[in-house]
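Scroll down for the structure; my scribbles are underneath it.
Where a number appears in this text, it was derived from the coordinates with a stated rule and is not lab data. What you see is a predicted model; the values in this text were computed from it and never measured. Here Cβ is always computed from backbone atoms with ideal geometry, including for glycine, and neighbour counts include all displayed protein chains.
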Amino acid sequence: MVQFILKRVAYGILVMLGVVGVVFGIFNLLPVDPARLTMGQRADVESVEAINKELGLDKPKFIQFTKYINDLSPIAIHENSVEEQIKYKYLKLIPFGKMHWF
């Protein structure tokens with residue numbers, strides 16, 4: 001019985017990872033530039049590059065995928081800087097390192 005439950009949980013995790021991979025692939029295969037959508041067609045090159053850097057679109061796809069999974073997971077690992085906590089206003093579920101409380 002335990003083996004059956006473990007097998008079902010493992011299959012469920014594999015299906016979830018497959019769905020996440022397919023969704024990530026679909027959004028990366030679309031011929032759409034998020035920076036151009038944000039700034040418009042007449043945006044200058046520096047603005048487009050700044051938005052791509054801020055969104056992490058200038059990094060390789062593998063790093064983008066790992067950050068995508070990290071953002072989807074309920075136990076996400078983020079940097080523990082005061083500026084980031086002020087900017088995004090989040091609290092960690094499982095804190096690693098020092099926490100700054102305001």
field: Karplus 3J(HN,Hα) series, Hz, for the stretch 57-68 with 6.51 cos²θ - 1.76 cosθ + 1.60 (x for Gly, Pro)
entry: 7, 8, 8, x, 4, 4, 5, 4, 5, 5, 5, 5
query: PRE reach from ASP58 (point 7 Å along Cα→Cβ): which of the stretch 24-42 fall under 16 Å by backbone N?
result: 34-36
Pair PHE27, VAL2: separation of 7 Å Cα→Cβ label points (nm): 3.9
- request: Can you check what the net charge comes to around MET1, using other residues whose Cβ is under 12 Å from the Cβ of MET1 (Lys, Arg +1; Asp, Glu -1)?
  value: +2
task: List, in order, the whole-Hz ³J(HN,Hα) value for each residue of the stretch 33-38 obtained from phi through the Karplus relation with A = 6.51, B = -1.76, C = 1.60 and θ = phi - 60°; use x for Gly and Pro.
output: 9, x, 5, 5, 5, 6
